[in-house]
Amino acid sequence: MQVKHSFYEYSQILHGNDVVTSIYVLLFIIFLNYNNLLLKVWSFDNIYIIIILAAAEVTKYIIHATRDSSSVHRHSVKDLFMISLMLTSVFGIVYVIAILFGAPVFSMFEETFIFSVIVTTVTALPVGLHLGPKAAVNMFLSLTSYDSDNIHNLFMLKIRLSLFGAWLGAIVIPLDWNRPWQNWPIPCCIGTLLGYAVANVITSLLQFQQRGKLLKKAGKYIL
C-alpha cells in the first residue's frame, strides 16, 4: 500500500535514522581500515560486509514501521517480489555501466560484482523499502530531472551523492601513484559509502531546519 508522507511526518520518524546512518557508515569505514579490510572489500570472502549494510537498511525500515505504521509503506508479497526484481535490475545496470567505464569484463568479475552490490544496497534498497518499488523505479529512470515532494527529493539526494561518490573515487584509479588503494574497485566502493554518509548528514540537517520552521510557525520550539 502506497502511503503519502508529509515532510513533518518524515522528519519525526526518519530524521534519527539518517543521523544514525551517517555515523554508522563512517564508523564502518574506520572499522574496515583498522582491520585492514578496506583493500579487501571487493572479495567474496568478505561478503558479510555487504550483508551488514543490507541488514542495517532493513533494520531502519523495521524501526520506521514500528514507530509509526500509519505513515510507512506497507509491503505486500507482490511488493517484495517487485523490490527484488528492481534490486536485480539496478545491480545489472550498475554492473554494465562499470564495464562501459572501463572495468574488465571477465578478469575482475568478483570486484565488479561486489561494487555493483554495494551501490545497489545503499541506493535502491532504502528507496524500495521506504517508498515502494514504483517510486524507486521512477527515481532511477529520471536521475537528472526528477522533481517530486520534499520526501522523495531527500531520497534522491542520497542516490545522487552515493553515485557521485563512486564516480569521484574512480578519478584516482588511473593516476600514476602506484598505491594499493587505487586498484579497482576499492576507491569507488569507499567513495560510494562516503557519498552515502555525507548525503545522510545533509538530509539530517535539511530535515532539522525544515522541522524547526514548521514548529516555529506552530508556536513551538525545537531542541
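Some notes on this structure:
- Residue in region 168-179 that is modelled with pLDDT of 90 or more, surrounded by fewer than 23 Cβ atoms within 10 Å (Cβ to Cβ) and part of a helix (DSSP H, G or I) present: yes
- Any chance Gly128 is surrounded by 22 or more Cβ atoms within 10 Å (Cβ to Cβ) and within 24 Å of Leu32 (Cα to Cα): no
- Scanning region 32-55 for residues that are over 19 Å from the mean Cα position of the chain (by Cα), assigned to a helix (DSSP H, G or I), of a type outside the set (A, V, I, L, M) and within 25 Å of Met108 (Cα to Cα) yields Asn33, Lys40, Phe44, Asp45, Asn46.
- Residue count for region 56-68 under the criterion of being over 14 Å from the mean Cα position of the chain (by Cα) and in contact (Cβ under 8 Å) with a residue 40 or more places away in the chain: the result is 4.
- Residues that are over 9 Å from the mean Cα position of the chain (by Cα) and not in a loop (DSSP other than H, G, I, E, B), drawn from region 117-137: Val117, Gly128, Leu129, His130, Leu131, Pro133, Lys134, Ala135, Ala136, Val137
- Condition check for Phe140: within 22 Å of Asn200 (Cα to Cα), of a type in the set (Phe, Trp, Tyr) and crowded, with 21+ Cβ neighbours inside 10 Å: no
The values are calculated or read from the model by the stated rules, or taken from the named source; none is laboratory data. The shown structure was predicted, so the numbers you read here are calculated from the model rather than taken from an experiment. We place every Cβ from the backbone using ideal geometry, glycine too, and count neighbours over all the protein chains shown.
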